[in-house]
Amino acid sequence: MGDMAGGLLGRGKEVDMLGNFLELQFLLPFARGDVFREVVSSQAPIGIEKKKVMIRVLKSVHNSSPIDALEVGCIREMAFHSVGGRTVSEVIKLEQDWMIKWQELETTVGINAKMIGIGRHKPTFAVYLEDAPAGTRVRVRYEFYRVETRGLCGSRLENNFPAAIATTLDKTLRDSWTTDMLKRGYQHWGIPPPQI
């Protein structure tokens, strides 16, 4: 897949009980351990603009303060100033330097598309990292039962994400994560970075 940019929409057995997923893949020109450190940052995770989002850890496993990195059982609230509302999620799986998986506990974010779970199976979001010759291969995966979108005049439509979202979101994530890594002082591995 060249630079690993690309989105994938799916449906089927590989998704545990939820039935649908959106997966984005891209390559970051930075060491996997460095990318992971920024992904699990408790107060300033990669790709999140602190001016637009307020982050607060609601529950820590070891009740230490301040919390530098997340761990399984941590619950985090993200309040979005630009779109309104908040999302509360819990870390349900974490493998040091390789992956983190969140389960959405509640959301009141006022955007036009909302992932919906089924029964006790809530939507999930995961980041998987792998070593690559020129840095780190990143897979960002959303799992859900359905997506609820608002149509014209506020009517509710229920459908999957359009494929166009998958193909543009991966480039947006790749560029913003690369920019964040550079701003945080990490060394670039030779792939041309986006303009800052």
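The values are calculated or read from the model by the stated rules, or taken from the named source; none is laboratory data. Remember, it's a predicted structure, so these values are computed and weren't measured experimentally. For neighbour counting, all protein chains shown are included, and Cβ atoms are generated from backbone atoms with ideal geometry for every residue, glycine included.
Within the range 154-174, track down each residue that is surrounded by fewer than 17 Cβ atoms within 10 Å (Cβ to Cβ) and modelled with pLDDT of 85 or more. Once the filter is applied, which keeps residues that are surrounded by fewer than 17 Cβ atoms within 10 Å (Cβ to Cβ) and modelled with pLDDT of 85 or more, the range 154-174 yields only Thr172. Among the polar types (S, T, N, Q), at pLDDT below 90 and surrounded by 13 or more Cβ atoms within 10 Å (Cβ to Cβ): does that describe Ser64? No; evaluated as a whole, the condition is false for this residue.
Filter the range 45-61 down to the residues that are more than 20 Å from Ala126 (Cα to Cα) and touching a residue at least 24 places away in the same chain (Cβ under 8 Å) and list them by number. Of everything in the range 45-61, those that are more than 20 Å from Ala126 (Cα to Cα) and touching a residue at least 24 places away in the same chain (Cβ under 8 Å) turn out to be Lys51, Lys52, Met54. Checking each residue in the range 82-123 for being hydroxyl-bearing (Ser, Thr, Tyr) and more than 25 Å from Ser60 (Cβ to Cβ) picks out only Ser82.
If only residues of the range 119-153 that are outside any strand (DSSP E or B) and among the small types (Gly, Ala, Ser) are counted, the one that is modelled with the highest pLDDT is Ala134.
Table: residues versus (1) surrounded by fewer than 17 Cβ atoms within 10 Å (Cβ to Cβ); (2) closer than 24 Å to Val138 by Cα.
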site	(1), (2)
Met78	no, yes
Ser82	yes, no
Thr87	no, yes
Ile92	yes, yes
Met99	no, yes
Glu106	yes, no
Lys114	no, yes
Arg120	yes, no
Thr124	no, yes
